[in-house]
Structures are given as structure tokens and as C-alpha cells.
1. For segment 1-153, rounded, prolate or oblate, judged on the Cα gyration tensor with a ≥ b ≥ c (square roots of eigenvalues), a/c < 1.5 rounded, else prolate if a/b > b/c?
2. At a Cα cut-off below 19 Å, give the lysines reachable from LYS298, other chains included and same-chain residues fewer than 8 away excluded.
3. Got a sec to turn the phi values of segment 71-80 into Karplus ³J(HN,Hα) couplings, 6.51 cos²θ - 1.76 cosθ + 1.60 with θ = phi - 60°, whole Hz, x for Gly and Pro?
4. Would you please give the FRET efficiency between LYS111 and GLU299, computed as 1/(1 + (r/R0)^6) with r the Cβ-Cβ distance and R0 = 22 Å, to the nearest 0.05?
5. Relative to the Cα centre, what is the charge dipole magnitude of the chain, using +1 at the beta carbon of each Lys and Arg, -1 at the beta carbon of each Asp and Glu, and rounding to the nearest 20 debye?
6. Between ARG217 and GLU47, 0.36 nm times their residue separation minus their Cα-Cα distance comes to what?
7. Please check: in the Gaussian network model of the chain (C-alpha springs, under 10 Å), which one of ASN48, ASN224, ASN278 has the largest mean-square fluctuation.
8. List the lysines whose Cα sits under 26 Å from the Cα of LYS246, skipping any in the same chain fewer than 8 residues away.
Amino acid sequence: MKIAPEVKKALEEGRAVVALESTIISHGMPYPKNVETARLVEKTVRENGAIPATIGIIEGEVVIGMNDEEIEEFGKRKGVAKVSKRDLPVVIAKKMWGATTVSATMLCAEKAGIPLFVTGGIGGVHRGAETTFDISRDLKELGECDVTVVCSGAKAILDIPKTLEYLETEGVTVLSNKSKTFANFYSVSSSDPVDYAFQTPEEAASIIAAKRAFGLRGGILISNPVPEEFALPHEYIDSIVDQAVKEAEEQGVRGKDSTPFLLKRIVELSGGKSLDSNIHLVVNNAKLGAQIAVALAKEGR
């Protein structure tokens, strides 16, 4: 594992660092939007007082804090593997390029000593999971890794009530930024309540610090709604998701290929509206995540 000098220095000095994933670059958006968004997210983290650490795997080496050239290559390069926990041994041993998912990014962040990670949406329980058993590793990782994840809820293609039930089983505290309900990715909120709503980054940091002080294993999930001006109506996005899911079933798309396929189709079916919303929600999460990381650093983590 290689930690960028700037990230290493910040960690040694107890300053705020925010982990960022690379799947959104290689598998979440088309080029050059993916690279532009990655740079914008890093810029937002810096503007709010923290150091960004984009995580990826380059020729079998986990890189904590990719530089601008590496991010550019991730955005353009074909055949970059989508890496979850199960894929790490193979990708490292075979010296492959790999884009880390939420679960793999959490693992790598924890190993590097980074307590907070920002993403767009987490994986979760897929629709129809009662027959397919399709449940993202992200949820297990949240129950096991001491990393707080800031997101805009679960990806729109997922079953939110079942995802929250699974998180409860894993003992994951779910917080929401100024809202009593779980964020609904492209839409502002769902009808599903969260454990607790916080009002300031400092309040969220105090809850994270209390958990750590009590020695509780596992992460905390922070739900941050997309800004209203960039949100998409429930009915509109749900009809598009339903169509994309139906197409995936008809074409036999399953497993780790499901999410990239569905997100791509949602972008196409929405005429790019979902992509625009996705970019704004990630940037909004980066702002909140950096502010919480700064407050957490003051708490002494």
C-alpha cells in the first residue's frame, strides 16, 4: 500500500483527511465527466479544510491519495476492474488496475487510518433480493470497518426499507443531516425514518467520537440529501429505474455487472438528468464530509 506524502503527513499530524472511491471514476460516469467530477470533489474537500485521498489500485498496489495524472488515467483507461473485498487478493496478486467500491474503499481507508469516507450512494439490498439474495458487501463492511461513510442514501436501484433493516441487523448507526428520513439518492428523501438527525457537522463528529471512545466496532452511515434544486421527482426517477431493472432482467445482467449497467441506462433514459443530479449530490457530500472530518480531528478522533 502506498500513501501519498500529503495524506501521510496530514494523518501523522492529526489533521482531517477524507477518503474517496475510484469506482465512480472508472464505472460510475463517462469520460471526461468522471475525471472532472473527481477533481471537483477533491477541490471541494480542500475548500472545506480537509485533505482528499482518492483510493485506487495501480498495477496491484493500493494507492491512498492518487495524483491528478493517475485520476486522469483511471478515467480514460479501459478494463479497470471493479474491486470489492473479495476481489482484492486477485487484483493485488495479478498486479491489475482496480477501482475500489464502497466496501473496498472502506477497508483500505481503515488500513491507512482514515476515519471518514465520502461517496455518492452505498450499495445495499437489491429489489427482489428475497429470491436472488443480491445484497451488497457494502452493508457488511459498514458493520465491521471503523469508518464513517457520508452518502446520499442507497443507490436508487435498491430496496431502501430492506437496506435499512440489514444495517440495523449489522448494528450500524444511521444518521441524517437535518432530516428525519433516509436520503433517496436522486430524490431529497424517502419515507423511511433514520435513527437520529443531526444539525451541525460538530454534532455528527461528537457522535462518531463517542462511538469510538466506547470501543464499538463498525462504521456509522451518514445520510445527506441531495440539494433540492438538483433533485429529481420520486415518480419520475422510479419509473426510469423500473424500466432499467426490467431491461437488466431481460438481458440476464446480474451480480457486480448490475449496478454499472443500471446506472448507465438511468443516465440514458433520463437524458442525462440523473448524471447531473449525481454530480451535485457527490459534491454536496464532499462538503459535509470534509466539515465533519475537520470537527472530528478537533475531537482527537
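Quick note: the coordinates plus some simple rules give every number you see, no bench work behind them. Here the structure is a predicted model, which is why all the values come from computation and not from measurement. Neighbour counts run over all protein chains shown; Cβ positions are idealised from the backbone, glycine included.
1. rounded
2. Counting by Cα, and skipping residues close in sequence, LYS298 has these lysines nearby: LYS8, LYS9, LYS211, LYS287.
3. Residue by residue, segment 71-80 yields 5, 4, 5, 4, x, 9, 5, 8, x, 6 Hz.
4. For R0 = 22 Å, the calculated efficiency reads 0.50.
5. In total the dipole reaches around 660 debye.
6. Values: separation 170, 0.36 × 170 = 61.20 nm, distance 3.08 nm.
Length difference between fully extended and current span is 58.1 nm.
7. Comparing ASN48, ASN224, ASN278 in a Gaussian network model of the chain, the most mobile one is ASN48.
8. LYS82, LYS155, LYS162, LYS256, LYS264, LYS273
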